[in-house]
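What follows is a set of notes on a single structure, which appears directly below.
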Amino acid sequence: MTTENKSIVGRALAGLVDTGDVDTLASYLSEDFTHHRSDSTTSTKAQWLAAVRAALGPTAGMRVDILHLLADGDHVVVHSRRRLPDAEPEIVVVDVLRIADGFIAEVWEIIEPAGQATANGAWWAAAA
């Protein structure tokens with residue numbers, strides 16, 4: 001199941017990352033899909049797809065480099081770097097996706113501006 005779930009996410013993201021094809025991604029989402037952000041906000045399938053179209057659609061130009069695609073049971077983790085043309089900051093994103101019945105049912109997204117990684121890690125130094 002882990003391998004199949006990783007394959008589902010890989011196929012869902014392939015067209016999106018390469019060409020901005022949001023419709024292919026949409027076909028892999030469950031009808032009751034929920035997107036979660038680290039600030040505790042959530043989006044429905046329609047709301048999230050609209051945001052993805054705005055950021056990653058063919059005219060938006062956001063570049064996404066997938067660095068890791070890992071799976072364990074019904075969860076798949078995607079680690080990526082994203083940037084807009086001629087814009088800062090580059091962001092580092094970790095998405096945790098839950099697969100149910102062959103569809104992406106939930107995504108938890110954690111975003112950090114790459115340039116703030118050192119400052120955001122300062123709490124580690126305080127513990128030492």
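Distance between the 7 Å Cα→Cβ label points at ARG63 and THR3: 3.4 nm. Between the residues ILE104, GLY10, MET62, the greatest Cα displacement towards the positive end of the dipole of segment 2-116, with unit charges on the Cβ of Lys, Arg, Asp and Glu, is found for MET62. Taking θ as phi - 60° and the Karplus parameters 6.51, -1.76 and 1.60, the scalar couplings of segment 31-42 work out to 5, 9, 3, 9, 10, 10, 10, 5, 8, 6, 7, 10 Hz in sequence order, x denoting glycine and proline. Dipole magnitude for segment 2-116: about 180 debye, using +1 per Lys or Arg Cβ and -1 per Asp or Glu Cβ, origin at the Cα centre.
The stretch between ARG11 and ARG37 holds 7.1 nm of extra length on full extension. This uses 0.36 nm per residue minus the Cα-Cα distance. The string of couplings for segment 73-87 from the Karplus curve (6.51, -1.76, 1.60, θ = phi - 60°) is x, 8, 10, 10, 10, 10, 10, 9, 10, 9, 8, 8, x, 6, 9 Hz, one whole number per residue in order, with x for Gly and Pro.
Rounded to the nearest 500 deg cm²/dmol, what is the calculated helix-only ellipticity per residue at 222 nm for the chain, with -39500 (n - 2.57) per DSSP H run of length n ≥ 4? That calculation yields -10000 deg cm²/dmol at 222 nm.
For LEU70 and ILE111, FRET efficiency with R0 = 25 Å and r from the beta-carbon atoms, rounded to 0.05? With R0 = 25 Å, the Cβ-Cβ based efficiency is 0.85.
Work out the FRET efficiency for ASP101 and HIS79 from their Cβ-Cβ distance, taking R0 = 30 Å, and round it to the nearest 0.05.
0.75
Shown in residue order for segment 12-19 are the 3J(HN,Hα) couplings computed by the Karplus curve 6.51 cos²θ - 1.76 cosθ + 1.60 at θ = phi - 60°: 4, 8, 4, x, 4, 5, 6, 10 Hz (x for Gly and Pro).
No lab work stands behind these numbers, since they all come straight from the coordinates. Since we're looking at a predicted model, the values are computed, not measured. Glycine gets a Cβ as well: all are built from the backbone with ideal geometry, and neighbour counts include every protein chain shown.
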